[in-house]
Amino acid sequence: MLKDPFKLEKLATQTWCRPGEGLLMRIGPRWGHLASDIAGRKGAPHDHGGRIQLESASVPEWPLPTEAVAAGHYHGDEWVHDPSIWAWAHAPNPTAVAAGCADGLAAGRADSWLVVSNQRIAAVMAASAAKKAEPEQQSGGWLSRAKSIAKDAQSLVQSEEESLVTLWEAPSTVIRHFGALPMGRDFDPVWFGQIAFHDGSGLLIRMDSRAAAESVVSAGNALFGHP
C-alpha cells in the first residue's frame, strides 16, 4: 500500500509521467469515502459500477457514512459534517469528467491518489495493489489466455520495482478552475480543495487546513501560467 506522498511523487516522475510532463499536484493518501451527486442521484460511498476494469485488492476499514449521507438525504453541504467523507463529486450526467474521476477513485479504494500534471488529471494507484483477474473471469479463448499469461509474466519481472497504474485520466484541458473553499455550518469551517471542469462537473476534496486547500490553487496557477 503506497502511503508516502514523496514516494508517490518519485514513482510518478519515474514511471508515469510522459516526456515533457511534470507533476503539479498529488492528493493522498486517501483516508475516507467518496460521496457523489451524479445526475441528481446522491449517495455514498460512490460505486464505480464496474465501469473501471482495474481495482484495488484491499478493502479499507473506514467507518460507513451516516444513514442520511449514504441515502443522499441531506441539503446543501450538510454532508461536510460526516467525518467519513473524504471527497464529493457532482456531475450533471454519468459521462461528465467528475463522474469518471469518481469512478477511478472509487475503484482504487484506499490505494487511490488524485494527481494533476501539466498534461493530465488522473486517478492512480500502485501497480502492486491491483487486484488480479481470476481465470474464470477471462474470456476470448486461447489468444486471450496467452496474452494474460504474458502480461502476468511481465508483471513478475517488474514486481521488484514499483510503478503506478492509471485507473482513470483526462487531459488537463478539461479543468476550468482550482479553488480553496471553506464549507460547513460550524463556526470553524472545513476546508476543501476544489477542481471544477468545463462540463459543469466538479470535485471537492477535504483538506486538513486552509494552507493545504490553497495548495490546490497553487497547482492551478502553475497549470494555467498565473504568477
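In the range 1-118, what % of DSSP beta bridges are antiparallel (nearest 5)?
Details: 7 of 13 bridges.
About 55 percent, rounded to the nearest 5.
Annotation: extensible slack from HIS226 through SER209 equals 3.8 nm (criterion: 0.36 nm per residue apart, minus Cα-Cα distance).
Checking [x] 60, 43, 30; [y] 57, 51, 32; [z] 72, 46, 25 against the coordinates, the calculated Cα extents along the principal axes in Å falls under label [x].
Remark: the range 1-99 carries 54 Å² of accessible area per residue (probe radius 1.4 Å; ligands, DNA and RNA excluded). If I fit a long axis through the Cα atoms of helix 210-224 and take the longest principal axis of the Cα atoms of the chain, what angle between them do I get, 0 to 90°, rounded to 10? The angle comes out near 60 degrees. Relative to the longest principal axis of the Cα atoms of the chain, the long axis of helix 141-158 lies at roughly 70 degrees.
Taking label positions 7 Å along the Cα-Cβ direction at both ASP77 and SER218, the computed distance is 2.2 nm, reported to one decimal.
Using a 10 Å Cβ count of at most 15 others and DSSP loop calls, identify the longest part of the chain lacking such chymotrypsin sites (Phe, Trp or Tyr not before Pro).
32-186
Helix-only arithmetic for the chain: the sum of -39500 (n - 2.57) across DSSP H runs with n ≥ 4, divided by the residue total, places the mean residue ellipticity at 222 nm at -7500 deg cm²/dmol. Counting only protein heavy atoms and a probe of 1.4 Å, the accessible surface of the chain is 54% carbon and sulfur. Here the dipole of the range 1-100 is about 420 debye; that uses its Cα centre as origin and unit charges on the Cβ of Lys and Arg (positive) and Asp and Glu (negative). Were the residues from TRP62 through THR95 laid out at 0.36 nm apart, the gain over their Cα-Cα distance would be 9.1 nm. Only sites in a loop by DSSP and with at most 12 other Cβ atoms within 10 Å count here; which GluC sites (Glu not before Pro) in the range 58-134 make the cut? For GluC sites (Glu not before Pro) across the range 58-134 that sit outside H, G, I, E and B with at most 12 neighbouring Cβ atoms in 10 Å, the list reads GLU61. Placing unit charges on the Cβ atoms only, positive for Lys and Arg and negative for Asp and Glu, gives the range 174-227 a dipole magnitude near 80 debye about its Cα centre. Going by accessible surface with a 1.4 Å probe and the largest first, THR95, THR173, THR166 read THR95, THR173, THR166. Distances between placed amide hydrogens fall under 5 Å for ALA39 paired with ALA91, ASN93, all partners being 5 or more residues away or on another chain.
Over all other residues within a Cβ to Cβ distance under 14 Å of GLU21, the charged ones net out to +1, with Lys and Arg as +1 and Asp and Glu as -1. Projecting the Cα atoms of GLY50, ALA102, ALA170 onto the charge dipole of the chain, computed from C-beta unit charges around the Cα centre, puts ALA170 farthest toward the positive end.
Within the chain, DSSP assigns beta bridges of which about 85% are antiparallel (rounded to the nearest 5).
Suppose every Lys and Arg Cβ carries +1 and every Asp and Glu Cβ carries -1, with no other charges. What dipole size does the chain come out with about its Cα centre, to the nearest 20 debye? Present the calculation step by step, with values, prior to reporting the outcome.
Details: 20 positive and 25 negative charges, 107 e Å.
That gives a dipole near 520 debye.
The values are calculated or read from the model by the stated rules, or taken from the named source; none is laboratory data. Because the structure is predicted, anything quoted here is derived from the model rather than measured. Glycine also receives a Cβ, built like all others from the backbone with ideal geometry; neighbour counts cover every protein chain displayed. Accessible surface areas use protein heavy atoms only, side chains included; no ligands, DNA or RNA. Shrake-Rupley method; radii C 1.70, N 1.55, O 1.52, S 1.80 Å.
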